[in-house]
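Trainee: Supplied in structure tokens, the structure appears directly below.
The values are calculated or read from the model by the stated rules, or taken from the named source; none is laboratory data. No experiment lies behind these values; they were computed from the predicted model shown. Quick reminder, even Gly has a Cβ in these numbers, built from the backbone with ideal geometry, and neighbours come from all protein chains shown.
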Amino acid sequence: MDSSLFFPPSCHATRVSIIGAGKGGSTLAQRIAEANLANVVLLDVVEGLPQGIALDLMQAGSVEGHDREIIGTNDYADTAGSDVVVITAGRPRTPGMDRSDLIATNAKIVATAAKEAIARSPNATFIIVTNPLDVMTYIAWQVTQLPSYRIMGMAGVLDSARFQTFIAMELNVSVADVHAMVLGSHGDLMVPLPRYSTVNGVPITELMPAETIDRLVKRTRHGGAEIVGLLKTGGSYYAPASSIRMMVESILLNRCRLLPTSAYLQGEYGLEDVFLGVPCWLGCRGVERILELNLTPDERDALGRCAESVRRGIREADEILKSLSLL
């Protein structure tokens, strides 16, 4: 009997490569494999680290009941043919450190990782997670020269999840009924939108007083720093990993979910040549469309301040990379 009936040569297993095997990257590998979304390649510069994590996760697979392959490696050659590349590599924040303090160190890491990955997976969609996220996404776009719809940053899903959690805790309701929207940069200038944040369709502006909403907005803006301050030796990784997994799923399964994403703006919201968190439909092409919400003048001004902050970071990163001949 012709064995090709059973083993078609064109069979392709979906592959996601994660650059950076720290807590965020390794947790994401677990999320993707256990959701049965794709095979995973976990890459890190530290010898033995990704290999050990991959072996541990493969052994967990026999209990969790999935047959996904998880490869740990120090060689970019193993990432070849990836459908999605996620870059988490970089220095994490420590207490008292702002995300922008990481530019000098992380610009070189992200630029190098993006160049190495795109050389092996020219058809991949890229998701950038390294901080300062919007700046690093722009840098990755510059060095890969990808169409802008195939590269994005993960931030809005995480920031919205934090806002949703705080709303649910405040109102003592199920977080499953809470939907929130946070735009702008991934930092202290982010723009939570109470008017577009609801509990089972009811805007939170009708459920709690303005002073309570302001308190939750401030906590959301400093949500990452709050966790860094508590952990003292690093930042969050469970919620970020879950947020990235949602984006990867929407892309691989072409679900076209409307998710706040750091995307390249070309006139949307009156902003140009900057990556910033806005609501996007994510599908198999990457950022399929950007939704322009009807913002108030104050909300639009706040988004503009985010854009200017990101541009300052981009200029700083560009100078560093040019001095290193990486641009």
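Trainee: Pick from the stretch 58-74 the residues that are within 19 Å of Val85 (Cα to Cα) and among the aliphatic types (A, V, I, L, M): which of them is surrounded by the most Cβ atoms within 10 Å (Cβ to Cβ)? Step through it out loud before you land on a result.
Mentor: Taking the stretch 58-74 and keeping what is within 19 Å of Val85 (Cα to Cα), we get 68-74.
Pick out the ones that are also among the aliphatic types (A, V, I, L, M) and you get 70-71.
Details: Ile70: 25, Ile71: 20.
The extreme case among them is Ile70.
Trainee: Across the stretch 165-221, what is the total count of residues that are among the small types (Gly, Ala, Ser) and crowded, with 22+ Cβ neighbours inside 10 Å?
Mentor: The number of residues fulfilling the criteria is 5.
Trainee: Looking only at residues in the stretch 31-48 that are surrounded by fewer than 21 Cβ atoms within 10 Å (Cβ to Cβ) and in a helix (DSSP H, G or I), which one is farthest from the chain's Cα centre (by Cα)?
Mentor: By that ranking, first place goes to Glu34.
Trainee: Now for a separate question. Count, please, the residues in the stretch 189-228 that happen to be part of a helix (DSSP H, G or I), modelled with pLDDT of 95 or more and either in the same structural domain as Asn131 (by TED's automatic domain parsing) or of a type in the set (A, V, I, L, M, F, W, C) (or both).
Mentor: Within the stretch 189-228, residues that are part of a helix (DSSP H, G or I), modelled with pLDDT of 95 or more and either in the same structural domain as Asn131 (by TED's automatic domain parsing) or of a type in the set (A, V, I, L, M, F, W, C) (or both) number 5.
Trainee: State all residues of the stretch 157-203 that are closer than 18 Å to Leu276 by Cβ, over 15 Å from the mean Cα position of the chain (by Cα) and among the acidic types (Asp, Glu); if no residue qualifies, say none.
Mentor: Asp188
Residue by residue, here is whether (1) aliphatic (A, V, I, L, M); (2) crowded, with 22+ Cβ neighbours inside 10 Å; (3) in the same structural domain as Arg221 (by TED's automatic domain parsing); (4) under 13 Å from the mean Cα position of the chain (by Cα) holds:
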| position | (1), (2), (3), (4) |
| --- | --- |
| Thr79 | no, yes, no, no |
| Ser82 | no, yes, no, no |
| Val86 | yes, yes, no, yes |
| Thr105 | no, no, no, no |
| Ala114 | yes, yes, no, no |
| Arg120 | no, no, no, no |
| Asn123 | no, no, no, no |
| Ile127 | yes, yes, no, yes |
| Ile139 | yes, yes, no, no |
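Trainee: A further question follows. Among the listed residues Ser4, Ser62, which satisfies the condition of being modelled with pLDDT under 95, small (Gly, Ala, Ser), on the phi < 0 side of the Ramachandran plot and not assigned by TED's automatic domain parsing to the domain that holds Pro122? Break it down into steps so the answer makes sense when it comes.
Mentor: Values: Ser62 fails: not assigned by TED's automatic domain parsing to the domain that holds Pro122.
Criteria check complete, one pass: Ser4.
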